[in-house]
Amino acid sequence: MNRNKLNYLVQGAVIAALYAALTYVAGAVGLAYGNVQFRFSEALTVLAAFTPAAIPGLTIGCFLGNLGSPYGMVDIICGTAATLFAAVFSYLTRKIRLKGVPLVSLFFPVLFNALIVGAELAVFLPEGFTLYGYLINALWVGLGELVVCYVGGVPLSLAIEKTGVRKLFR
């Protein structure tokens, strides 16, 4: 295996492990699952703006993290799909930056989690899926995601740029 492939594999594995571990930490304090989510692991979604290895890393990490979800297989599939879409679009928009920060890339986890996880959670409402229930769930999931992605992701992005860690992602 050549060095580039090995580097890609290691980066993806480390990102997956960090994402899963941070999701379980958030889950232990009641913040990882449900309509109000503050998954600390979602701050790592900014890594898709630095390396393509973050796409499988975040996706696998989310899959592993969602194994602990009370919503079972639905969350494993839907939540993982939301993360995959977010990571791909974040990577595709990585060059759009404001003062060196990939703010557009950080928006896609907010968007896809609000749309997909919001719909997933609306299915589990006592009255079943309703447009109102969907909109409320999408709003809460989106707000939680917005806070974590920007409050955690922006400083992480700045730290990567300022400390020279970025060269590890090349």
- Task: Output the qualifying pairs, or none if there are none: Cβ atoms under 9 angstrom, residues six or more apart or on different chains, first residue in segment 143-155 and closer than 18 Å to Arg166 by Cβ, second residue part of a helix (DSSP H, G or I) and of a type in the set (Ser, Thr, Tyr).
- Result: Gly153/Thr45; Gly153/Ser105
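Identify, from the list Thr83, Thr59, the residue that is closer than 16 Å to Phe107 by Cα and either crowded, with 19+ Cβ neighbours inside 10 Å or polar (S, T, N, Q) (or both).
When all the criteria are applied, what remains is Thr83.
Might you let me know whether segment 127-138 holds any residue that is in contact with a Phe, Trp or Tyr (Cβ under 8 Å, 6 or more places away or on another chain), surrounded by 14 or more Cβ atoms within 10 Å (Cβ to Cβ) and modelled with pLDDT of 95 or more? Before you say what the answer is, go through the steps one by one.
If we filter segment 127-138 for residues that are in contact with a Phe, Trp or Tyr (Cβ under 8 Å, 6 or more places away or on another chain), which is where we start, we get none.
No, every residue in segment 127-138 fails to be in contact with a Phe, Trp or Tyr (Cβ under 8 Å, 6 or more places away or on another chain), surrounded by 14 or more Cβ atoms within 10 Å (Cβ to Cβ) and modelled with pLDDT of 95 or more.
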- Message: So, Cys78, is that one among the hydrophobic types (A, V, I, L, M, F, W, C), part of a helix (DSSP H, G or I) and either open to solvent by 20 Å² or more (accessible area, probe 1.4 Å) or at pLDDT below 95 (or both) or not?
- Response: yes
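Is it the case, given these coordinates, that Ala122 is over 24 Å from Gly153 (Cβ atoms), crowded, with 21+ Cβ neighbours inside 10 Å and hydrophobic (A, V, I, L, M, F, W, C)?
yes
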- Message: Condition (residue is of a type in the set (A, V, I, L, M), open to solvent by less than 40 Å² (accessible area, probe 1.4 Å) and assigned to a helix (DSSP H, G or I)) applied to segment 88-105: is it met by at least one residue?
- Response: no
- Item | All positions within segment 62-74 that are of a type outside the set (A, V, I, L, M) and either closer than 14 Å to Val14 by Cα or surrounded by 22 or more Cβ atoms within 10 Å (Cβ to Cβ) (or both) | Cys62, Gly65, Asn66
- Say we look at segment 22-56 and pick out the residues that are of a type in the set (Ser, Thr, Tyr) and open to solvent by less than 50 Å² (accessible area, probe 1.4 Å); which of these is nearest to the chain's Cα centre (by Cα)? Thr45
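The values are calculated or read from the model by the stated rules, or taken from the named source; none is laboratory data. No experiment lies behind these values; they were computed from the predicted model shown. All Cβ positions, even for glycine, are placed from backbone atoms using ideal geometry, and neighbour counts span all protein chains on display. Side chains included, ligands, DNA and RNA excluded: accessible areas come from the protein's heavy atoms. Shrake-Rupley method; radii C 1.70, N 1.55, O 1.52, S 1.80 Å.
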